[in-house]
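Take a look at the structure below.
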Amino acid sequence: MPAHHRHAPSPRRTAALALVGLLCAAGAACSQPTPEPGGAPPPAITKVRYSEPSSADVIPMLLPATGVETRRTQGLTGLLALAQDVRTKSCTTPSSSAPVDAPPAMFVRRMALPDLAYVRAHGFASPPVPTPAATPRCADATEDRITSLGKMIAPLQARWWKVVESVNDEPAVRRAYTKLKGCFAGHGLAADDEDAFFGVVDSRLSARGSDPRAAEREDRRLGALYARCMAPVEAVREGLRQERREAFLKSHSAEVGRLQNTLPERLDQVEDAFDVRYSAPAL
């Protein structure tokens, strides 16, 4: 493994996300931006980029408090998904000479903590995890390396996501949410709240399901609108999440400390066993 990587210093609506993710995996193009409702054009479309951030800083991977930090979290779940995908393909013997037919491993985002900059640029689609150049021998790909790592991080992450959700109960957040309807309406979209907005996303993308290019254009247009209208909400929530993470780190200091000491090495072991690399989506 490259020296720069090993031990470097330290949902609300999943249907729409799954649909646009599959559209991207199928090769839907995003060549031309289309105007948002109300006539304003969305940001220029950019190709998805990937980065190889340090796997030694486990806090943003396990306990993201900002949208940008969730890219690290996606990198962690994406690494496990990719390792499982590699194992399936290297250890499964098809009945014919045809390759194993399975969708690619995808990065998974939680809209309870949205990465508005990424949504503004790319829409709601989750990109595929970069695949390895070669498939390892089945004997080198033990499933226990994947499942044991997942079990090691799951309890702490589950408790943290409950904290993330609880921020929505704060009066300042609720007040910010009351402005969503007017923002959506100002851009020509009728939705009373965030859940209703994602209902519109589901409906519009499903209606364009037979035309992947049209579906992806609509996804990007709606993503740009969502990012614009949710910015005031996230401005309030982000500070609250960062405050609560400080308290969470103190109350879970022993468990966090163990993961800080062991997780980077475990990630290295998965990378070596499956010939994959920890990566994350980037603007």
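For ARG244, work out the one condition from (1) more than 30 Å from HIS122 (Cβ to Cβ); (2) of a type in the set (D, E, K, R); (3) open to solvent by less than 70 Å² (accessible area, probe 1.4 Å) it doesn't fulfil. For ARG244, the failing item is (1).
One line per residue, one yes/no per condition, for (1) closer than 30 Å to SER251 by Cα; (2) at pLDDT 90 or above; (3) under 14 Å from the mean Cα position of the chain (by Cα):
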| residue | (1), (2), (3) |
| --- | --- |
| ALA56 | yes, no, no |
| THR66 | yes, yes, yes |
| GLN84 | no, no, no |
| SER96 | no, no, no |
| ALA117 | no, yes, yes |
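Regarding PRO155, is this residue open to solvent by 50 Å² or more (accessible area, probe 1.4 Å), modelled with pLDDT of 95 or more and more than 22 Å from VAL86 (Cα to Cα)? Judged against the criteria, PRO155 is a match.
Quick check on THR73: is it open to solvent by less than 30 Å² (accessible area, probe 1.4 Å), at pLDDT 90 or above and not aromatic (Phe, Trp, Tyr)? Spelling it out, THR73 is indeed open to solvent by less than 30 Å² (accessible area, probe 1.4 Å), at pLDDT 90 or above and not aromatic (Phe, Trp, Tyr). Condition check for ILE45 on (1) modelled with pLDDT under 90; (2) of a type outside the set (D, E, K, R); (3) under 13 Å from the mean Cα position of the chain (by Cα): one failure, at (3). ASP219 fulfils the conditions (1) buried (at least 18 other Cβ atoms within 10 Å of the Cβ); (2) over 28 Å from PRO127 (Cα atoms) except for a single criterion, (2). Evaluate the following for ARG175: is it more than 24 Å from the chain's Cα centre (by Cα) and either among the acidic types (Asp, Glu) or part of a helix (DSSP H, G or I) (or both)? Yes: the conditions hold for ARG175.
Considering the conditions (1) modelled with pLDDT of 90 or more; (2) hydrophobic (A, V, I, L, M, F, W, C); (3) open to solvent by 50 Å² or more (accessible area, probe 1.4 Å), MET61 is excluded by exactly one of them, (3).
The values are calculated or read from the model by the stated rules, or taken from the named source; none is laboratory data. Keep in mind it's a predicted model, so treat the numbers as computed, not measured. In this analysis, Cβ positions are derived from the backbone assuming ideal geometry, glycine residues included, and neighbour counts consider all displayed protein chains. Areas reflect the complete protein model, heavy atoms only, side chains present, ligands, DNA and RNA absent. Shrake-Rupley method; radii C 1.70, N 1.55, O 1.52, S 1.80 Å.
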